[in-house]
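Engineer: What follows is a structure written as structure tokens; I'll ask about it next.
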Amino acid sequence: MKKMLVVAALLGGMLVAFPVIAKEGLYLGAFIPFNDISGDIKGIDNGNGLGFRAGYGLNKYLALEGSVFKTKHDTSGNGNIDFSGGTVDLKLDLPLTGSKMEPYFLIGVGGYELKGNGVDYKGGGSQVGLGLDIYFFPELNFNAGLTWRKITFDKGTPTDLDEKVRTFDVGLTYHFL
């Protein structure tokens with residue numbers, strides 16, 4: 001947790017170097033997540049699915065964002081498991097001068113579920129991520145991001161399963177200006 005706070009403080013300090021072109025207000029988007037799950041539960045292959053996000057730009061650099069997603073994963077030939085989640089994130093935009101690209105950093109928390117093939121685990125955890133928004137128009141952007149999650153599944157049998165999930169996602173977002 002201390003490392004995440006240090007990184008957030010450093011990125012916050014960098015804001016002074018970048019002029020403002022970030023969007024403020026409501027935005028909605030859809031994305032395709034590609035998840036790699038590793039940890040205490042073995043035999044889960046990589047999976048993909050669909051997700052949706054909604055956010056609100058609080059000011060030039062900060063947005064509060066929520067997302068939901070669901071991905072399907074094979075279990076080494078023994079059927080499928082669905083991994084789903086809902087997250088709340090603080091998104092830090094870093095607009096670049098004269099560019100239609102905005103790198104971003106996010107930090108947040110989420111609730112997650114692994115279900116199917118006789119498995120039903122629920123839990124929560126933290127996440128950090130980074131990515132890039134590329135604007136086609138002021139209202140529409142393409143985004144690609146990478147997120148790292150640490151999840152503890154504390155409901156189900158057995159309990160206290162620790163998982164690490166790495167997510168790569170691509171999507172489109174519409175900004176209501």
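The values are calculated or read from the model by the stated rules, or taken from the named source; none is laboratory data. On a predicted model such as this, the values are computed, not experimentally measured, just so you know. Cβ placement follows ideal geometry from the backbone for every residue including glycine, while neighbour counts extend to all protein chains displayed.
Engineer: Quickly run through region 131-145 and pick out the residues that are among the aromatic types (Phe, Trp, Tyr) and modelled with pLDDT under 95.
Structural biologist: Selection gives Tyr135, Phe136, Phe137.
Engineer: Taking Ile151, is it β-branched (Val, Ile, Thr), modelled with pLDDT of 95 or more and in contact with a helix residue (DSSP H, G or I) (Cβ under 8 Å, 6 or more places away or on another chain)?
Structural biologist: Judged against the criteria, Ile151 is not a match.
Engineer: May I pose another question? Residues that are under 18 Å from Asn46 (Cα atoms), among the β-branched types (Val, Ile, Thr) and under 16 Å from the mean Cα position of the chain (by Cα): list the strands (runs of 3 or more DSSP E) wholly contained in region 93-170 that include at least 1 such residues.
Structural biologist: By residue number, 140-155.
Okay, residues lined up against (1) surrounded by 14 or more Cβ atoms within 10 Å (Cβ to Cβ); (2) within 13 Å of the chain's Cα centre (by Cα); (3) over 20 Å from Phe31 (Cβ atoms):
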{"position": "Gly43", "(1), (2), (3)": "no, no, yes"}
{"position": "Gly51", "(1), (2), (3)": "yes, yes, no"}
{"position": "Asn59", "(1), (2), (3)": "no, no, yes"}
{"position": "Val68", "(1), (2), (3)": "yes, yes, no"}
{"position": "Phe83", "(1), (2), (3)": "yes, no, no"}
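Engineer: Just the residues that are touching a Gly at 6+ places or on another chain (Cβ under 6 Å) and at pLDDT 90 or above, please, taken from region 154-166.
Structural biologist: Once the filter is applied, which keeps residues that are touching a Gly at 6+ places or on another chain (Cβ under 6 Å) and at pLDDT 90 or above, region 154-166 yields Asp162, Glu163, Lys164.
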